[in-house]
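Report on the following structure.
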Amino acid sequence: MASANTGFFLTIEGCEGAGKTTAVNVIKQWLDSRSIEFTETREPGGTPMAENLRSLLLDHGDEKVADITELLLMFAARSQNLFHNIEPALKQGRVVLCDRFTDATFAYQGGGRQLGVQQIATLETLVQGERRPDMTILLDVEPEVGLARARSRAAEQGGQLDRIEQEAMDFFSRVRNAYLERARQYPEQFEIIDAGQPLEVVKTQLLEVLERRLGDR
Ligand code: Z5A
């Protein structure tokens, strides 16, 4: 359990349509209800420059993005977010709530793009030093289910899927497997919630995790 006055770095992960946005809102309400001070951010993004990098990464363009370029831009954005948001907030003893972090790189670039673990781990140390999430909530869902949700949401909003969302199903199966492998490797960091369940069940389990891990703040 985390005690008050110590920063706490909480990240949310999952494949597309797992319900991260929904979960982030539940967590924010819970933190507010406890008067726990928090900083919310997301990756890639979180600062003006990192948000520009996000657009470069997700927008469709004519120029094919090399896998290594994608990897380096993810870490470039992360470096900005750590410098401007995450590290200062943790030093002030705040909870940092981050929608995706480096486990997404291990899952998408490592698993999805098959870049492997080693070079990502090297960049992780370069960019983050010792910094790792204190807790990661992994919303685990079958890629077919998550993508169907993401597609229907995009259709409802009249938008289109972003560049990465347009990958083939086996890409997302590798992403999911890489996430589950990370969770197996770091059981103290990860809390897995079955996000294929109805929203109310997911929400109840989320609140149980928050009480257990952050309840004494
Ligand atoms: N990326 C990467 O490759 N490497 C990295 O290092 C990082 C990121 C950090 C942007 O991420 C992209 O960047 C992402 C990975 C890559 N890949 N893509 N594309 P993002 O997090 O900003 O975007 P996203 O993954 O596409 O998020 P999303 O589509 O917004 O998913 P979500 O937030 O998990 O879903 P949601 O909006 O909460 O829910 C989707 C819909 O499903 C919505 O209508 C909900 O009402 C519904 N929903 C949610 N939960 C349920 C349940 N339980 N039942 C029924 N319906 C539900």
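The slack in the chain from Gln160 to Arg212, taken as 0.36 nm per residue of separation less the alpha-carbon distance, amounts to 14.9 nm.
Taking Lys and Arg as +1 and Asp and Glu as -1, the other residues whose beta-carbon sits under 15 Å from that of Ser35 total +1. Descending by average beta-carbon neighbour count within 10 Å, the peptides 165-171, 44-50 line up as 44-50, 165-171, the highest first. Taking θ as phi - 60° and the Karplus parameters 6.51, -1.76 and 1.60, the scalar couplings of the range 122-135 work out to 5, 5, 4, 5, 4, 7, 10, x, 8, 5, 9, x, 6, 8 Hz in sequence order, x denoting glycine and proline.
Inter-label distance, Thr21 to Glu142: 2.4 nm, where each label sits 7 Å from its Cα along the C-beta direction.
Is the range 10-211 rounded, prolate or oblate when judged by the Cα gyration tensor, a ≥ b ≥ c being the square roots of its eigenvalues, rounded requiring a/c under 1.5 and prolate requiring a/b larger than b/c?
Numbers: a/c = 1.38, a/b = 1.09, b/c = 1.27.
The shape class here is rounded.
Pull out the extension gain between Arg149 and Thr6, defined as 0.36 nm times the separation in residues minus the alpha carbon to alpha carbon distance; nm, one decimal. The partial results should precede the final answer.
Details: separation 143, 0.36 × 143 = 51.48 nm, distance 3.68 nm.
Length gained between Arg149 and Thr6: 47.8 nm.
Each helix, a run of at least 4 DSSP H residues, gives -39500 (n - 2.57); summed and divided by the residues of the chain, these come to -15000 deg cm²/dmol at 222 nm.
In the context of the full set of protein chains, the chain has a per residue accessible area of 49 Å² (1.4 Å probe).
Sorting Val127, Val95, Val145 by accessible area puts them as Val145, Val127, Val95; the probe is 1.4 Å, largest comes first, and only protein heavy atoms count. Near Phe9, the amide H atoms lying under 5 Å from its own belong to Val96, Asp134, Met135; only residues 5 or more places off or on other chains count, and H is placed 1.01 Å from N.
Calculated FRET efficiency, Ser173 to Glu130, Cβ-Cβ distance, R0 = 41 Å: about 0.80 to the nearest 0.05. The residues packed around Glu208, meaning those with a beta-carbon under 14 Å from its beta-carbon, carry a net charge of -1 if Lys and Arg are +1 and Asp and Glu are -1. Using θ = phi - 60° in the Karplus curve 6.51 cos²θ - 1.76 cosθ + 1.60, the 3J(HN,Hα) couplings for the range 30-38 round to 5, 4, 4, 5, 9, 6, 8, 6, 9 Hz; x is entered for Gly and Pro. Quick one: pull the percent of accessible area on the range 10-211 belonging to carbon and sulfur, 1.4 Å probe, ligands and nucleic acids left out. Answer for the range 10-211: carbon and sulfur cover 51 percent of the accessible area. Measure out, as a whole number of angstrom, how far apart the alpha-carbon centroids of the range 33-56 and the range 154-173 sit. Between the Cα centres of the range 33-56 and the range 154-173 lies a distance of 22 Å. Extending 7 Å from Cα along the Cβ direction at Arg184 and again at Lys64 yields two label points whose distance is 3.2 nm.
The values are calculated or read from the model by the stated rules, or taken from the named source; none is laboratory data. The model shown is predicted, which means the values in this text are computed figures rather than measured ones. We place every Cβ from the backbone using ideal geometry, glycine too, and count neighbours over all the protein chains shown. For the accessible areas, the whole protein counts, side chains as well, though only heavy atoms, and no ligand, DNA or RNA atoms are used. Shrake-Rupley method; radii C 1.70, N 1.55, O 1.52, S 1.80 Å.
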